[in-house]
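Trainee: Okay, here's the structure, questions in a sec.
Each value in this text was obtained by applying a stated rule to the coordinates, not by laboratory testing. Fair warning: this is a prediction, and the values are worked out from it, not measured in the lab. Glycine gets a Cβ as well: all are built from the backbone with ideal geometry, and neighbour counts include every protein chain shown.
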Amino acid sequence: MFKDSGKIQYKYQRLEQAAQTLIYAYEDYNDFDNIVDADDEKYERRFLTYRDSLITRFNYTFDSLWKYVRLYMELYHDVTVQGGPRDVFRASLEVLLLSPDDVEICLEMLDSRNEASHIYKEEIANLIATKMAKYIVVIKKILETMRPS
């Protein structure tokens, strides 16, 4: 159908794999107290490792996400976006791929991804981690609605 159908299939699979690693990290982060004994002398350090792993997986998933959405719009909607993620998500609203609420969350994800370089600041890292549930909902929605044909 499209000359780049192999490319979009590949990008979709990569995004799907990245999202799955994010979901696993999120599940483990939320189940941390059942995984690690609270009496473990390294409890706090292990918690930080789980949280930071969650954020790292979010970062690479987000990068795959916005690049996939850009490619999807190019191939299926003949929309070329020259800018970065902010421009891509705004354009996805214009072609009705995402709802205004989903675009708002995607832009919030962008802000979190940009703030993630400061996860050495506990309050920033914890705030990003608390937003992960709503981020995953939108990522799953994009995977479901923008599946390549």
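Trainee: Only residues that are surrounded by 14 or more Cβ atoms within 10 Å (Cβ to Cβ) and assigned to a helix (DSSP H, G or I): list them for region 95-106, please.
Mentor: Asp102, Val103, Glu104, Ile105, Cys106
Trainee: Please indicate, with yes or no, whether at least one residue in region 4-11 is farther than 19 Å from Thr130 by Cβ, exposed (fewer than 14 other Cβ atoms within 10 Å of the Cβ), charged (D, E, K, R) and touching a Lys or Arg at 6+ places or on another chain (Cβ under 9 Å).
Mentor: Checked against the condition, which is being farther than 19 Å from Thr130 by Cβ, exposed (fewer than 14 other Cβ atoms within 10 Å of the Cβ), charged (D, E, K, R) and touching a Lys or Arg at 6+ places or on another chain (Cβ under 9 Å), region 4-11 yields no hits at all.
Trainee: Here is a follow-up. Kindly provide the set of residues from region 7-50 that are more than 17 Å from the chain's Cα centre (by Cα), of a type in the set (Val, Ile, Thr) and assigned to a helix (DSSP H, G or I), ordered by number.
Mentor: If the condition is that a residue be more than 17 Å from the chain's Cα centre (by Cα), of a type in the set (Val, Ile, Thr) and assigned to a helix (DSSP H, G or I), then Ile8, Ile35, Thr49 are the ones that fit.
Trainee: Residue under question is Tyr72, and the condition is that it be surrounded by 18 or more Cβ atoms within 10 Å (Cβ to Cβ), within 14 Å of the chain's Cα centre (by Cα), of a type in the set (Phe, Trp, Tyr) and closer than 20 Å to Gln17 by Cβ; does it hold?
Mentor: Here the answer is no, as Tyr72 does not meet what is asked.
Trainee: Now for a different question. Does region 51-63 contain at least one residue that is among the small types (Gly, Ala, Ser) and within 17 Å of the chain's Cα centre (by Cα)?
Mentor: Checking region 51-63: at least one residue is among the small types (Gly, Ala, Ser) and within 17 Å of the chain's Cα centre (by Cα).
Trainee: Separate question: Checking Tyr60 against (1) in contact (Cβ under 8 Å) with a residue 40 or more places away in the chain; (2) closer than 18 Å to Leu98 by Cα, which test does it fail?
Mentor: All conditions pass for Tyr60, except number (2).
Trainee: Please verify whether Val69 is in contact (Cβ under 8 Å) with a residue 40 or more places away in the chain, under 14 Å from Val138 (Cα atoms) and in a helix (DSSP H, G or I), treating the condition exactly as stated.
Mentor: The answer is yes for Val69.
Trainee: Give the number of residues within region 102-128 that are under 17 Å from Ser53 (Cβ atoms) and touching a residue at least 40 places away in the same chain (Cβ under 8 Å).
Mentor: 7
Trainee: Can I ask one more? Is there any pair linking a residue in region 36-48 that is without any contact (Cβ under 8 Å) to a residue 24 or more places away in the chain to one that is assigned to a loop (DSSP other than H, G, I, E, B) and surrounded by 13 or more Cβ atoms within 10 Å (Cβ to Cβ), with Cβ under 7 Å and at least six apart or on different chains, and which?
Mentor: Within 7 Å, the pairs are Tyr43/Val36; Arg46/Val36.
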